[in-house]
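The values are calculated or read from the model by the stated rules, or taken from the named source; none is laboratory data. This one's a predicted model, so the numbers in the text were calculated from it and none came from an experiment. Neighbour counts run over all protein chains shown; Cβ positions are idealised from the backbone, glycine included.
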Amino acid sequence: MKTLFALSLIFFCAQGVNAQSVTDQLIVALVDKHLPQVLHQEKATPWQMGTYDLIVHKTAGAKFSSTHKYLSLTVPIKVIMTGQVNKEFLGQKILLNCSSEFVTEARLDIEPVINPPESKADVEVSVPVPEANLNCDGLILPIKPLLEQLVATKKQQWQQQLEKDIVIMFKQVGI
């Protein structure tokens, strides 16, 4: 009897693990299909030292985890920033080409609120910005504060767009 109970318990646990991993794979596949390669882009954006271009793209597939309330997706991203320092210093015009590249992970915490036909999702986006510098022909400029400000400025817009996209997907499947 103990053996039968142990085998039943192992079988039940294995089914639970496989179901979760299949669900994880399905969600990751959906995210990877619908999440564009280029996540954010800016061109000729002015800042205190001149102008910059910025491109953020995903570097690999999303990682998924969940709790009883939240779905969490972690997406590895690469940030590439180029630009020019265009300033006057001691009466001399300084024009320097600049570049920076780093990787980090964006995290999306999604709280689905299933209430057909008014289902929705609350989304929280977080993008940790590591210490980063812009190399301008040997002049090193810290850009972490600039990028943190960009994330703070754009975060609400990104969250609202993701919430809107999720509502559209809910409506497509009738929830």
> From the list S100, S65, S21, which residue is among the small types (G, A, S) and modelled with pLDDT of 90 or more?
Replying inline: S100
>> If I ask for residues that are surrounded by fewer than 16 Cβ atoms within 10 Å (Cβ to Cβ) and within 24 Å of D32 (Cα to Cα), which ones from segment 135-158 would you list?
In response: K154, K155, Q156, Q157
> Taking segment 97-114, which residues are in contact with a Lys or Arg (Cβ under 9 Å, 6 or more places away or on another chain) and charged (D, E, K, R)?
Replying inline: E101, E105, E111
> Does K93 qualify as being over 14 Å from the mean Cα position of the chain (by Cα), modelled with pLDDT under 90 and among the basic types (K, R)?
Replying inline: yes
>> With the requirement that a residue be modelled with pLDDT under 95, within 23 Å of E111 (Cβ to Cβ) and hydrophobic (A, V, I, L, M, F, W, C), what does segment 139-175 give you?
In response: W158, L162, I166, V167, I168, M169, F170, V173, I175
>> Quick check on this structure: which one of A121, A62 is under 30 Å from I175 (Cα atoms) and under 15 Å from the mean Cα position of the chain (by Cα)?
In response: A62
>> If I go through segment 124-175 residue by residue, how many of them are in contact (Cβ under 8 Å) with a residue 24 or more places away in the chain and among the β-branched types (V, I, T)?
In response: 8
> Just to be sure, is I114 more than 20 Å from the chain's Cα centre (by Cα) and under 30 Å from S21 (Cβ atoms)?
Replying inline: yes
>> Given the condition in the same structural domain as A106 (by TED's automatic domain parsing), part of a loop (DSSP other than H, G, I, E, B) and not charged (D, E, K, R), answer yes or no: does some residue in segment 134-148 qualify?
In response: yes
